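Encoded as structure tokens, the structure appears first; notes follow it.
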Amino acid sequence: MSEAADLPLWAALLVSALVLVGAGLTLIGSYGLLRLERFYDRIHAPTLGSSWGTGGILVASMLLFSVLQTRPVLHEILIALFVTVTTPVTLMLLARAALYRDRTEGNADVPPMLSKDVPPTQNP
Amino acid sequence: MSATILNWSITIAQIMLGMAMLCTIFRLAGGPRAQDRVLGLDTLYVNAMLLLLTFGMRSGSTLYFEAALVISLLGFVATVALAKFLMRGEVIE
């Protein structure tokens, strides 16, 4: 941490606030993953960590390295772009797989299939 | 002064991220069904990536950034493959 001694105070306060907000929201999201009751409630909780948590820590890292090296350091945008694109894809795939498994087992607490999606051999 | 503020806040953030990883590990170990375990693994990947980014901010090197990028890539591929396995029973048909 020796290179951060000449960091101005406003940058240190801003970076600290962003890092703490990001880590705190990630902790809240992971605690929700542990505490919520059903799987379809649980799948919403970790997106708090992958939206605001990732955004806060990445913006803090960009700001810190940009101020320390006195030039724009923007390669953290790669991670932000990648996480923003891939998180909805993975969670929708996982939710559809879970819905398929619940429907195949005949659980009563999942919504039934829409009538236009049911193959015509099953409803006479 | 500013180095002290930054040092303490990054330490607190790392403790918070470690507790978040502990929560996801509990869900990963004791999730009632397979999709809960896959969701816990995906969240564990994201939390490990954020923890590596805070390590990079503490040490001031860009080596941790590349490790975080690789972890997020591998997490995406692993979760897609596991969701496909839950859906169809095999990954590559």
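Looking across segment B:22-39 at every residue that is at pLDDT 90 or above and more than 7 Å from chain A (Cβ to nearest Cβ), the one that is least open to solvent (accessible area, probe 1.4 Å) is identified as B:Leu28. Residue count for segment B:8-21 under the criterion of being without any contact (Cβ under 8 Å) to a residue 40 or more places away in the chain, open to solvent by 20 Å² or more (accessible area, probe 1.4 Å) and farther than 9 Å from A:Ser30 by Cα: the result is 6. Considering only residues in segment A:17-38 that are facing chain B (nearest Cβ under 7 Å) and free of Cβ contacts under 8 Å to residues at least 24 places away in the same chain, the one that is most open to solvent (accessible area, probe 1.4 Å) turns out to be A:Tyr31. The set of residues in segment A:39-94 that are assigned to a loop (DSSP other than H, G, I, E, B), within 27 Å of B:Leu6 (Cβ to Cβ) and open to solvent by 50 Å² or more (accessible area, probe 1.4 Å) comprises A:Thr70, A:Arg71, A:Pro72, A:Leu74, A:His75. If the condition is being open to solvent by 70 Å² or more (accessible area, probe 1.4 Å), farther than 16 Å from A:Val59 by Cα and facing chain B (nearest Cβ under 7 Å), then segment A:5-16 contributes A:Ala5, A:Leu9.
Tell me the residue from B:Leu51, B:Leu69 that is under 13 Å from the mean Cα position of the chain (by Cα), at pLDDT 90 or above, open to solvent by 30 Å² or more (accessible area, probe 1.4 Å) and at the interface with chain A (Cβ under 7 Å from one of its Cβ atoms), please.
Details: B:Leu51 fails: at the interface with chain A (Cβ under 7 Å from one of its Cβ atoms).
That would be B:Leu69, the only listed residue that is under 13 Å from the mean Cα position of the chain (by Cα), at pLDDT 90 or above, open to solvent by 30 Å² or more (accessible area, probe 1.4 Å) and at the interface with chain A (Cβ under 7 Å from one of its Cβ atoms).
For segment B:54-66, the set of residues classified as open to solvent by 40 Å² or more (accessible area, probe 1.4 Å) and either farther than 25 Å from A:Val19 by Cβ or touching a residue at least 40 places away in the same chain (Cβ under 8 Å) (or both) consists of B:Phe55, B:Arg58, listed by residue number.
The values are calculated or read from the model by the stated rules, or taken from the named source; none is laboratory data. A quick note: this is a predicted structure, and the numbers were derived from the prediction, not measured. With ideal geometry, Cβ positions are generated from the backbone for all residues, glycine too; neighbour counts draw on all protein chains shown. We work out accessible area using only protein heavy atoms, side chains counted, and drop any ligands, DNA or RNA first. Shrake-Rupley method; radii C 1.70, N 1.55, O 1.52, S 1.80 Å.
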